[in-house]
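Everything below concerns the one structure shown next.
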Amino acid sequence: MSKNLKTLYINSQAIDEANQSKPFIFCLHYAGGNAGAFNNWLKNSKVNYITVELPGHGRRISEELITSLDNVCQNLANEIAEIIEAKSLKKFEFSLYGHSMGAIMAFCTAKILMNKYKISPKCIQISGRHAPMDEDPSPYRTSQGVEALVEELRDIGHTPEELLEVKEFRDFFIPMIYSDYKLAEDYIHDGTILDIPIFAYCGKDDSGADVSVMKRWEHVTSKKFSFKSYDGDHFFIFDLNKSFDNIIASDFLELCTHKRIDEDADCLNQLSNANDFYERGEI
């Protein structure tokens, strides 16, 4: 790997400025989304949330879209590996979280990291997408064209109806969303089973990724599988009342040595305090 870190997807400045004593969660956005979708999570006090942004999205809107899922995941895995090497992060604890399209990106990137670089995320955390070996339960396919995609966006919500009627919006954003759908749609499962835990989450009213659909992710891990469901649709993760970033962080921290070290330190402090009380005859 190159010694000169070249950022392709990850906000490397955020990593430089992060509290290195806390573990990291890389956030992979959904089709048509961008890194800004997770801005409210960046203030989380438990972990460092690091956003990932694909070319042609958000601040990179002027760049050419990538149409190969394998290329996306190869580049992202390479970048994470370079970050770990460049910063000599021997105990770099991290998770990959992805929603919808981001879920399959998290799965594929974890596979590449483990097979090619011998780097294991502590887990992957996914929401809003069917398991890798299953067919998409949504009736929409990119072969149906752009107009059918507009109806798909109406069905899953999150995009205001008035925007869908604006020609400028459709001309500008629909091709990007269509490209993302095509990218995720072209994935072919090769039988991979990850040797790390998977945490899955869903909105109970998500017609394309409900409880029965999301529970199928347990078949692509040989380790712990955890599942939680919440009221809401495909974009339940942005319901501020749920503080979803804290839910993800807490699940991830259960696997981290950072948390165990903190708990051991608290235990030692409590024992020390108890000993002080004992020596003073107060207990």
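Throughout, read-outs are computed from the coordinates displayed, never taken from laboratory work. Since the structure is predicted, the reported quantities are computational estimates derived from the model, not experimental observations. In this analysis, Cβ positions are derived from the backbone assuming ideal geometry, glycine residues included, and neighbour counts consider all displayed protein chains.
General remarks:
- A simple spin-label model places the labels of ASN19 and PHE169 3.8 nm from each other, with each point 7 Å out along Cα-to-Cβ.
- Degrees, to the nearest 10: 101-116 long Cα axis against longest axis of the chain: 60
- Sorted fewest first by neighbouring Cβ atoms within 10 angstrom, MET101, MET133 come out as MET133, MET101.
- Remark: SER212, SER127 ranked as SER212, SER127, counting other beta-carbon atoms within 10 Å and listing the fewest first.
- Applying the criteria of a DSSP loop state and at most 15 other Cβ atoms within 10 Å to the GluC sites (Glu not before Pro) of the range 162-212 yields GLU165.
- Projected label distance in nm at TYR117 and GLU135, using a 7 Å step from Cα toward the beta-carbon: 3.6
- Rounded Å value of the spacing that divides the Cα centres of the range 151-216 and the range 57-96: 21
- Each Cα pair under 8 Å and six or more residues apart adds its sequence gap; the mean of these over the residue count of the range 167-250 is a relative contact order of 27 percent.
- With a Förster radius of 22 Å applied to the beta-carbon distance between LYS223 and THR257, the computed FRET efficiency rounds to 0.85.
- Measuring nothing but how far apart in sequence close Cα pairs (under 8 Å, 6+ apart) lie, relative to its length, the range 1-131 scores a relative contact order of 28 percent.
- A simple spin-label model places pseudo-atoms 7 Å from Cα toward Cβ; at PHE238 and ARG59 they are separated by 1.9 nm.
- Based on Cα contacts under 8 Å between residues 6+ apart, the chain shows a relative contact order of 18 percent.
- The order of HIS57, HIS99, HIS130, going from fewest to most other C-beta atoms within 10 Å of their C-beta, is HIS130, HIS57, HIS99.
- Distances between placed amide hydrogens fall under 5 Å for VAL52 paired with CYS27, HIS29, all partners being 5 or more residues away or on another chain.
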